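The values are calculated or read from the model by the stated rules, or taken from the named source; none is laboratory data. All values reported here derive from a predicted model rather than from experimental measurement. Here the Cβ is made from the backbone with ideal geometry for all residues, glycine too, and neighbour counts use every protein chain on show.
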Amino acid sequence: MFDKLHEECGVVAIYGHPEAANLAYLGLYALQHRGQESAGLAVSNGKEIECYKDLGHVADIFKPEVLGRLPGNMAIGHTRYSTAGDSAFLNAQPFSVRCNKGPLAVAHNGNLTNANALRRSLESDGAIFQATSDTEVILHLVAHSRERSLDDALRDALLQIEGAYSLVFLAGNRMIVARDPHGFRPLAMGQLELSGQKICYVFASETCAFDLIGATYMCDVEPGEMVSIGPDGMHRERFVAPKNRAHCVFEHVYFSRPDSFVFGRSVMQSREKMGRLLAKAHPAPTAELVVPVPDSGVAAAIGFAEESGTPFRQALIRNHYVGRTFIEPSQAIRDFGVKLKLNPVKHLIKGKSVVLVDDSIVRGTTSRKIVRMVRSAGAREVHLRISCPPTLSPCFYGVDTPTKRELIAANQSIDEIRRFVEADSLGYLPLNLLRQAVDDDDRFDYCYACYTGDYPTDLYNIDELMTGRGGQ
């Protein structure tokens, strides 16, 4: 119902805890916002791997009786958002196989830009694929490797893939995690102290998963790094020289929970700073009220209100209990989908000049409906402020983005967009100020390709990527 970009998944991994499945389940629960199509867990008792996954939300899939059937002290988990038409059970993760390297399970956050070429090559060598996910390509590369040990075979596979990946692997008696050399997608490492001075290691896409299970954030898995944990302890190595860093800036703009640390930085701090800088770049002098579009616009709206001295009010209330299906009345109600999820507090808005703060505009259709809603509630003026630059280009690194012809900012001027969304004024955060908000003025650690079209990697078969991206 909401016209947003979507992160395609989240991963979690637990090593060395007697209730590994329960902790991984809680970690996925904290990462539910990163994917609502399917979820799964793979658990190892040191010899065998048990995997359970299904379509739906984490809490609906993993009932106590299911978790009770997943014993072991190692677990990996995955929650997935799929692209349209690709919500099949076969693509749910983790993938679990038994190959010439032994039992193996993997979960993946990201998108491989050379997956189609690798897939065709593997199929010509006799490989049989069951799913359409990029992740299955990685498993086949491991199985086809001539290297004998799992660590060496995995290293061999990683050197063949390109694009974005944060991977968690589970073998019979060990766990391996890896991150692409650009560091597109986040992967944090933490630890949990057990009795007897034992340490449980945990990995997750965001640190909010650590907070729920009582783990302590240690550091990020470095770009181009592989971490292996087994009976012989932990080993960290660079499997490839790191390349120019390209952290996805949209993790800070929208994807991540505001209570997380992502790429070593507080998401809440970044978003509030975006709001403050936005207020300086595009003030609304006649405004009497700053209203966030919940929930993703709240932190930036707080920063905008503080900087501008304009009162902050949560005058749009979100219904958090809207399911994926609902009965729409046979008689058309204008903007029904948005009304189902948002409702204005009319007495706060009536007669006021309002600044609406949101994180992004993608196609513009939802923004127009929200502006109309605020006007219908009695607003005298509606000024729309967006806490990132105009989205001009699709992403190929693990984000479900519309094609360029569907992105309104790629085809219309800012004033044309303003007229389309029916706002009195429209202001985007300039790119240089977004970089300032994430402390990237001189380090160049982030990827801004969705705003600039300047991609940090080579892209193969661009037409295939446009139609088939989003395997995770």
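Would you mind finding the one in Ile370, Ile361 that is in contact (Cβ under 8 Å) with a residue 40 or more places away in the chain, in a loop (DSSP other than H, G, I, E, B) and at negative phi?
Ile361
What number of residues in the range 397-438 are over 26 Å from Val291 (Cα atoms) and surrounded by fewer than 22 Cβ atoms within 10 Å (Cβ to Cβ)? Working first, answer last.
At the first step, the residues of the range 397-438 found to be over 26 Å from Val291 (Cα atoms) are 397-406, 410-411.
Checking the rest, the ones that are also surrounded by fewer than 22 Cβ atoms within 10 Å (Cβ to Cβ) come to 400, 402-406, 410-411.
Looking only at that region, the number is 8.
So for the range 259-280 (the condition being surrounded by fewer than 21 Cβ atoms within 10 Å (Cβ to Cβ) and more than 30 Å from Ala209 (Cα to Cα)), does at least one residue qualify?
Taking every residue of the range 259-280 in turn, at least one turns out to be surrounded by fewer than 21 Cβ atoms within 10 Å (Cβ to Cβ) and more than 30 Å from Ala209 (Cα to Cα).
Check whether at least one residue in the range 232-247 is crowded, with 21+ Cβ neighbours inside 10 Å and either on the phi < 0 side of the Ramachandran plot or free of Cβ contacts under 8 Å to residues at least 24 places away in the same chain (or both), and report yes or no.
Yes, there is a match, as at least one residue in the range 232-247 is crowded, with 21+ Cβ neighbours inside 10 Å and either on the phi < 0 side of the Ramachandran plot or free of Cβ contacts under 8 Å to residues at least 24 places away in the same chain (or both).
Is there a residue in the range 80-87 that is within 21 Å of Asn173 (Cβ to Cβ), touching a residue at least 12 places away in the same chain (Cβ under 8 Å) and part of a loop (DSSP other than H, G, I, E, B)?
Taking the range 80-87 and keeping what is within 21 Å of Asn173 (Cβ to Cβ), we get none.
No, that holds for no residue.
Being aliphatic (A, V, I, L, M) and closer than 20 Å to Ile370 by Cα, is that true of even one residue in the range 249-264? I'd like the intermediate steps shown before the answer.
Taking the range 249-264 first, the residues aliphatic (A, V, I, L, M) are 249, 253, 262.
Next, from what is left, pick out any that are closer than 20 Å to Ile370 by Cα: 253.
The answer is yes; a qualifying residue exists.
Mind listing whichever residues of the range 376-407 are in a loop (DSSP other than H, G, I, E, B) and β-branched (Val, Ile, Thr)? Write out each step before concluding.
So in the range 376-407, the residues in a loop (DSSP other than H, G, I, E, B) come out as 377-380, 387-398, 401-403, 407.
Hits for the range 376-407 are Thr391, Thr401, Thr403.
If you check Ala117, Ala127, Ala157, Ala153, which single one turns out to be in the same structural domain as Arg34 (by TED's automatic domain parsing) and in a loop (DSSP other than H, G, I, E, B)?
Values: Ala117 fails: in a loop (DSSP other than H, G, I, E, B); Ala157 fails: in a loop (DSSP other than H, G, I, E, B); Ala153 fails: in a loop (DSSP other than H, G, I, E, B).
From the options Ala117, Ala127, Ala157, Ala153, the qualifying one is Ala127.
Kindly indicate which of Arg174, Arg185, Arg148, Arg179 is among the basic types (Lys, Arg), in contact (Cβ under 8 Å) with a residue 12 or more places away in the chain and more than 20 Å from Arg34 (Cβ to Cβ).
Working: Arg185 fails: more than 20 Å from Arg34 (Cβ to Cβ); Arg148 fails: in contact (Cβ under 8 Å) with a residue 12 or more places away in the chain; Arg179 fails: more than 20 Å from Arg34 (Cβ to Cβ).
Result: Arg174 is the single residue among Arg174, Arg185, Arg148, Arg179 that is among the basic types (Lys, Arg), in contact (Cβ under 8 Å) with a residue 12 or more places away in the chain and more than 20 Å from Arg34 (Cβ to Cβ).
Given (1) more than 18 Å from Phe95 (Cα to Cα); (2) among the basic types (Lys, Arg); (3) crowded, with 24+ Cβ neighbours inside 10 Å, identify the lone condition not met by Lys63.
It fails just one condition, (3).
Pull out all pairs, ordered by first then second residue, where Cβ-Cβ is under 9 Å, the residues are six or more apart or on different chains, the first lies in the range 7-32 and is closer than 13 Å to Ala59 by Cβ, and the second is surrounded by 24 or more Cβ atoms within 10 Å (Cβ to Cβ) and among the charged types (D, E, K, R).
Note: pairs meeting the criteria are Ala30/Glu206; Leu31/Glu206.
Conditions tested, residue by residue: (1) under 18 Å from the mean Cα position of the chain (by Cα); (2) assigned by TED's automatic domain parsing to the domain that holds Val97; (3) modelled with pLDDT of 95 or more.
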| site | (1), (2), (3) |
| --- | --- |
| Gly183 | yes, yes, yes |
| Ala204 | yes, yes, yes |
| Ala209 | yes, yes, yes |
| Leu212 | no, yes, yes |
| Pro223 | yes, yes, yes |
| Ser228 | no, yes, yes |
| Pro231 | no, yes, no |
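Given the structure, is Ile199 touching a residue at least 40 places away in the same chain (Cβ under 8 Å) and surrounded by fewer than 21 Cβ atoms within 10 Å (Cβ to Cβ)? Give the derivation first.
Details: touching a residue at least 40 places away in the same chain (Cβ under 8 Å): yes; surrounded by fewer than 21 Cβ atoms within 10 Å (Cβ to Cβ): yes.
So Ile199 passes the test.
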